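Chemist: Dropping the structure in here first, questions after.
The values are calculated or read from the model by the stated rules, or taken from the named source; none is laboratory data. Owing to the predicted nature of the structure, the values given are computational and were not obtained by experimental measurement. FYI the Cβ positions are ideal-geometry reconstructions off the backbone, even for glycines, and counts take in every protein chain you see.
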Amino acid sequence: MVTFIGLVFNMAVAGILIFGAEKSNRGDLSYIGWAGAVILFAGIFDMLDGQVARLSNKSSKFGALFDSVLDRYSEMILFFGICYYLVGHHYFLSSVFAFMALIGSMMVSYIRSRAEGLGVSCKGGLMQRPERIVLISISAIACGITYYFIGSDFKIYFPGTKIQIFETISIFTFPIALMAVLTNWTAIGRLKEAKIALEEDEKLSSNTKEKFLGVLIPLMMISGLVFSNGANAQTSKQLNEAEQFPLPPVNKSMLFYLQRTPNTNTIVYALNYDNKNILKESDPVKVYWIRYTEEGTPTKSLNFIEKKFAYGIKTQKSGKDLWNLKMVAYDKLPITLRKGKHGSYTAFVKINNKDYVFQKAYIKIEGGSFWSPNIPYIDIYAKDENTKKEIIHRISNPKNKNNG
């Protein structure tokens, strides 16, 4: 609401300047002074909108976007009025500088927004929006006051020539020319700042990617595995290597977990509740580490690489209290999240066309190289919801003939 009031005042500024261009003569600078006063008043609303929203507990992401959009409209409408006035009174060169200042102002805001959208902060420079508002309003007010005392005929010429270097309206147009230079300079500076930050971010991402490559490659290679036939659904006593790993603490939110040969660190997939203990329908599953190899066995969130390429999970709502789940590294394993017969949310995995309660997955890595690890199989641990019978379903790698 506060930002909208600022927009209305900037529309009034444009109206004053357009009226002045149409109805006044070239020497009447009073309209510039009045416009400056309204610009300053409108600027107060523009600067207070965020604080008012926070104090009233009405701040939101859409509110921030809406404020930003209205700020851009306000600024463009303001510069439209300035350009119209200057062109209407034949200040052609000054109107060119005003248009350049408009371009620079838009680019300062755009580069910051685009950089932040790419994940880097970009707030440097001399001519941000508050500075622009203050400079335009103060120079316009000063021009109007000066006109009131000395008129518009005051001129200064270059010594010994008839080349005019200053007149009363220059109090308004010189700062606009300065703004034209500084806004575009700020835009270029922000572009350079964003370039450096993005290159550092890419370098960091590259280092992080190398750090987790040993994890990513095995998981990406899982996509080369195929389901074995039903003969590989065995009782848990037949295959017990994974049982040597630690068991994560059982709680009501845990769905299933994943463990791997290299170490005992465990990835847990759990229900994702909000502050009111209601399952988040748009993001029902959260994934986190239990770091058994670290002191204190801390739990940690996945980093970006792990979430997007290795251990993350994709969810798609397919009905009431029903979601389809897919592992990002291996999307051929059919998993559904729904309420079981006891009324609690449960992850089910389909094995041989039958739904089983998904308990855990175990990835076997056996030799190979850093770039090409040997993954004989993955074991899916599950149980029949009715009989409670536990099975292990082995997903074998066809390249390993020795594994059943």
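Chemist: Restricting to segment 108-128, name every residue that is surrounded by 18 or more Cβ atoms within 10 Å (Cβ to Cβ) and under 23 Å from Phe79 (Cα atoms).
Modeler: Scanning segment 108-128 gives Val108, Ser109, Ile111, Arg112, Gly125, Met127.
Chemist: Further question on the same structure: If you take the residues of segment 304-327 that are surrounded by fewer than 18 Cβ atoms within 10 Å (Cβ to Cβ) and either touching a Ser or Thr at 6+ places or on another chain (Cβ under 7 Å) or not assigned by TED's automatic domain parsing to the domain that holds Ser253 (or both), which of them is nearest to Val349 (Cα to Cα)? Talk me through it step by step, then tell me what you get.
Modeler: Start the filter on segment 304-327 by keeping residues that are surrounded by fewer than 18 Cβ atoms within 10 Å (Cβ to Cβ), which leaves 304, 307-309, 314, 316-322, 324, 326.
If we keep only those that are either touching a Ser or Thr at 6+ places or on another chain (Cβ under 7 Å) or not assigned by TED's automatic domain parsing to the domain that holds Ser253 (or both) too, we end up with 322, 324.
On the way: Leu322: 13, Asn324: 10 Å.
For segment 304-327, the residue satisfying everything is Asn324.
Chemist: If you take the residues of segment 120-141 that are hydroxyl-bearing (Ser, Thr, Tyr) and at pLDDT 85 or above, which of them is nearest to the chain's Cα centre (by Cα)?
Modeler: Step one: filter segment 120-141 for residues hydroxyl-bearing (Ser, Thr, Tyr), giving 121, 137, 139.
Add one more test, that the residue is at pLDDT 85 or above, and what stays is 137, 139.
Working: Ser137: 34, Ser139: 37 Å.
Among residues in segment 120-141 that are hydroxyl-bearing (Ser, Thr, Tyr) and at pLDDT 85 or above, the one nearest to the chain's Cα centre (by Cα) is Ser137.
Chemist: Let me ask something additional. Looking at segment 101-119, is at least one residue in the same structural domain as Ile32 (by TED's automatic domain parsing), part of a helix (DSSP H, G or I) and either over 34 Å from the mean Cα position of the chain (by Cα) or under 19 Å from Phe166 (Cβ atoms) (or both)? Show your work before the answer.
Modeler: Step one: of segment 101-119, the residues in the same structural domain as Ile32 (by TED's automatic domain parsing) are 101-119.
With part of a helix (DSSP H, G or I) added as a condition, the list becomes 101-117.
From what is left, the residues that are either over 34 Å from the mean Cα position of the chain (by Cα) or under 19 Å from Phe166 (Cβ atoms) (or both) are none.
No, the conditions are met nowhere in segment 101-119.
Chemist: Just one of the numbered conditions (1) modelled with pLDDT under 90; (2) in a helix (DSSP H, G or I) is not true of Thr146; which one?
Modeler: Answer for Thr146: the failing condition is (1).
Chemist: Can you confirm whether segment 160-181 contains a residue that is out of contact with any helix residue (DSSP H, G or I) (no Cβ under 7 Å at 6 or more places or on another chain), loosely packed, with under 12 Cβ neighbours inside 10 Å and either modelled with pLDDT of 90 or more or at positive phi (or both)?
Modeler: Of all residues in segment 160-181, those out of contact with any helix residue (DSSP H, G or I) (no Cβ under 7 Å at 6 or more places or on another chain) come to 160-167, 170, 174, 178, 181.
Now narrow it down to the ones that are loosely packed, with under 12 Cβ neighbours inside 10 Å: 160-165.
Cutting the leftovers down to either modelled with pLDDT of 90 or more or at positive phi (or both) gives us 160.
Yes, some residue in segment 160-181 is out of contact with any helix residue (DSSP H, G or I) (no Cβ under 7 Å at 6 or more places or on another chain), loosely packed, with under 12 Cβ neighbours inside 10 Å and either modelled with pLDDT of 90 or more or at positive phi (or both).
Chemist: For segment 312-333, give me each residue that is among the aromatic types (Phe, Trp, Tyr) and in contact with a helix residue (DSSP H, G or I) (Cβ under 6 Å, 6 or more places away or on another chain).
Modeler: Filtering segment 312-333 for residues among the aromatic types (Phe, Trp, Tyr) gives 323, 330.
Across segment 312-333, the qualifying residue is only Tyr330.
Chemist: Step by step: first the residues of segment 163-178, then only those that are free of Cβ contacts under 8 Å to residues at least 40 places away in the same chain and not in a helix (DSSP H, G or I), then the one that is farthest from the chain's Cα centre (by Cα). Which residue is that?
Modeler: Looking at the filtered set, the residue picked out is Ile163.
Residue-by-condition table, conditions (1) in contact (Cβ under 8 Å) with a residue 12 or more places away in the chain; (2) outside any helix (DSSP H, G or I); (3) in the same structural domain as Leu102 (by TED's automatic domain parsing):
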residue	(1), (2), (3)
Thr161	no, yes, yes
Ala180	yes, no, yes
Arg190	yes, no, yes
Ile196	no, no, yes
